[in-house]
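Okay, structure first, notes after.
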Amino acid sequence: MRKKLLGIFLLTCLCVSAQTVISISNPDTWTYSQMSQHIGEVVTFETPLYITNNYSNSYYEVSPRRIFSPTNQAFPLTPEYNAIVGANSSGVMRLSGVSGYHRTGERIVRLTAKVTSSNQLTVVGDVQFAGNTREDLLEGHDDIGNYNVKVCALNMEYYLVDNLGTGYGADDETQLVRQHAKLLNALAAVKADVYGLMEIEQGQAALSKMAAALTSRLGHTYTYINDGGASSGSYTKVGYIYRSDKLTTFGQLQHIDNPSPQKRKKAAAFVLKENGEKFIFSLNHFKAKTGTATGDNKDQGDGQGSHNATRVKEARAVVDEAEEWKRYFADEDVLVMGDLNAYAKEDPIKVFLDAGYIDLHRAFHADSSYSYSYRGAVGYLDHALANPALYKQVTGMTAYHINSDERDAYTYDKSTDNTMFRSSDHDPVIVGLSLGGNAGTGIDSFWNNPPVSCLVTEQLPFIIQHAQGGRLRIYSLMGINVAEEEINSEYYECKAKLSPGIYIANVYGKTKVVQLKIIVK
């Protein structure tokens, strides 16, 4: 009997040792061509694989990294941009045999699969998933600090309450009921004090309906800003809904209609009743990347799409008008939000950065932030930019990933699903403000005098001093979250094992985020 058991044990060991274990040391540069040597083998990936696309019913696309739109991470046509373009095209594999529905961004832990070609895998055995599930999001959005005003911006993907059946928005009343329910569930989950809404029908009916629904759902009085316009077919605009029991408006709504499109660049000032502090909220929906264009607006093949010249003009108009708004509203604090139809490193966003605005996606989430997915590549078209005066009062910012990671089949017109998931094709972007305070005021030496960079070697570990109670996140330059730890001591040594390279670290305190560069040699 002992010999038989010993034989079974040896056979098991042989089977395990024959299975190739793959550890990917640098996901940023890994390509599926490295799988060619394993065709026909059963392999196990020690490195987690991300689902990067879930549009197919027969397979998922997976990669050891999130796939980002090149111009979200690098300036157009630079060597870094070209490297990302090349990496994106050769870093994704097709995975068959996964049961059930899974969102993009979910990670597959220790996947065992048969390699059928250099870029095709078939699952062997059970599959374990981690992170970015619907259940993870039901508890709400990430912590955005100790705010006294919460601001949310969302592209509603053509929310029309009449003029149905035009090819935009709901085709009939049944679809409208479902679209309204999904959008209401999304906005109610955020519980914002001010909502900036894009692709909402011109006129007041759509704003009025959603404000009334939020009032009923959340138990606070929500009011909309009447811009005086009338309903006009399927044309959309940007508009504001806010908690009138907590905030009031100041002055008149401001418009920028030149350059067009019209009714899609506005500014309003809001006053927090409890302390009289105000801020200017610039809400925008810039010209889309698609469509036929000529001259400067023609697609230049640099990843920015068509009509880029118009978007640059729109950005300059907002920056210029903001100086006038500060005088008119008698306040220095400006928050620019909206669907700017430009990724983070594109020309229109550079206009804001050159004028001194701070990109809150980058400030709080390094290169990992996104709000939109296109053909498996993520990035953020939905921006939150603060001028220096307001930035001191920003407690946090996040994109609430209830839409961009969802399969298109869950839209109101393709399913009977009434949940908040895939209520739009864009994620809500949320900003916390501490109006009248200074979110950048620290309580100890780390927050008051943070390091700019840190060199890490075997002899010099990554140590954070005097930040106890904070939270640490480390990202690769491609935006992959490689570590997340609680800082539980005054002299804290990071536990993450980092491969040689450059990383971005965010250290989160109660009211401040410090960002520094880590160089590992």
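Here, each number is a calculation from the coordinates, and none is a lab measurement. What you see is a predicted model, and the numbers here were worked out from it, not measured in a lab. Glycine also receives a Cβ, built like all others from the backbone with ideal geometry; neighbour counts cover every protein chain displayed.
Entry note, the chain: relative contact order of 13 percent, from Cα contacts under 8 Å with a spacing of 6+ residues. Take every pair of alpha-carbon atoms less than 8 Å apart whose residues are at least six positions apart; their mean separation over the length of segment 135-433 yields a relative contact order of 21 percent. Computed from label points 7 Å out along Cα-Cβ, the spacing between Val177 and Ile519 is 6.4 nm.
When the listed pairs Lys237/Lys350; Lys182/Lys209; Lys191/Lys278; Lys246/Lys278 are checked against a 18 Å cut-off, the alpha-carbon distance exceeds it for Lys237/Lys350; Lys191/Lys278. Summed over all non-identical Cα pairs, the Kirkwood treatment of the chain gives a radius of 24.6 Å. The length gained by stretching the chain between His38 and Tyr55 to full extension, at 0.36 nm per residue less their Cα-Cα distance, is 3.4 nm. Each part reduced to its alpha carbon centroid, segment 166-184 and segment 127-142 end up 27 Å apart.
Where does segment 17-132 land on Rg(C-alpha)/(2.2 N^0.38 Å)?
On the way: Rg = 14.2 Å, N = 116, 2.2 N^0.38 = 13.4 Å.
For segment 17-132, the normalised Cα radius of gyration is 1.06.
With θ taken as phi - 60° and the Karplus curve 6.51 cos²θ - 1.76 cosθ + 1.60 applied, the whole-hertz 3J(HN,Hα) list for segment 48-62 is x, 10, 8, 6, 9, 7, 10, 6, 8, 8, 10, 7, 10, 9, 10 Hz, x standing for glycine and proline. Of all DSSP-defined beta bridges confined to segment 75-166, some 70% are antiparallel rather than parallel. All C-alpha to C-alpha distances of segment 135-433, sorted into 10 Å bins beginning at zero, yield P(r) values of 6, 29, 39, 22, 3, 0 percent in whole numbers.
What does the charge count near Gln515 come to, summing +1 for each Lys or Arg and -1 for each Asp or Glu among other residues with Cβ under 12 Å from its Cβ?
Values: positive: Arg362, Arg473, Lys512, Lys517; negative: Asp359, Asp367.
Once all neighbours under 12 Å are counted, the net charge is +2.
Hey, which lysines would be in cross-link range of Lys512, C-alpha to C-alpha under 20 Å, not counting anything within fewer than 8 residues on its own chain? Once the sequence-local lysines are set aside, what remains near Lys512 is Lys150, Lys392. Just to be sure I follow the definition: excluding the sites themselves, where is the longest run in the chain that has none of the chymotrypsin sites (Phe, Trp or Tyr not before Pro) in a DSSP loop with at most 14 other Cβ atoms within 10 Å? Between exposed loop sites, the widest span is 102-521.
Given segment 17-132, what percent of its DSSP beta bridges are antiparallel, to the nearest 5? If you can, show how the numbers build up before the last one.
Numbers: 19 of 25 bridges.
Counting DSSP beta bridges with both partners in segment 17-132, the antiparallel share is about 75 percent.
List the trypsin sites (Lys or Arg not before Pro) within segment 38-97 that DSSP assigns to loop and that have no more than 13 neighbouring Cβ atoms inside 10 Å.
Details: sites: Arg65, Arg66, Arg94; in loops: Arg65, Arg66.
When the trypsin sites (Lys or Arg not before Pro) of segment 38-97 are filtered for loop state and at most 13 Cβ neighbours within 10 Å, nothing remains.
Pairwise inverse Cα distances across segment 448-520, averaged and inverted, put the Kirkwood hydrodynamic radius at 12.3 Å. Going 7 Å from the Cα of Val85 in the Cα-to-Cβ direction, what parts of segment 307-327 have a backbone nitrogen less than 19 Å from that spot? Answer for this model: 307-309.
By DSSP, what percent of the beta bridges with both residues in the chain are antiparallel, rounded to the nearest 5?
Numbers: 84 of 107 bridges.
Percentage antiparallel, nearest 5: 80.
Straight-distance candidates among the lysines for linking to Lys497, with alpha-carbon spacing under 21 Å and chain neighbours fewer than 8 residues away dropped: Lys517, Lys521.
Remark: spin-label model distance Asp143-Ser499 equals 3.1 nm, labels positioned 7 Å along the Cα→Cβ axis. Remark on Gly396: its backbone amide H falls under 5 Å from those of Gly432, a criterion applied only to residues 5 or more positions apart or on other chains, H modelled at 1.01 Å from N. Using only side-chain charges placed at the Cβ, +1 for Lys and Arg and -1 for Asp and Glu, the dipole size of the chain relative to its Cα centre rounds to 980 debye. As a proxy for reagent exposure, ranking Val62, Val109, Val123 by other Cβ atoms within 10 Å from fewest up yields Val109, Val123, Val62.
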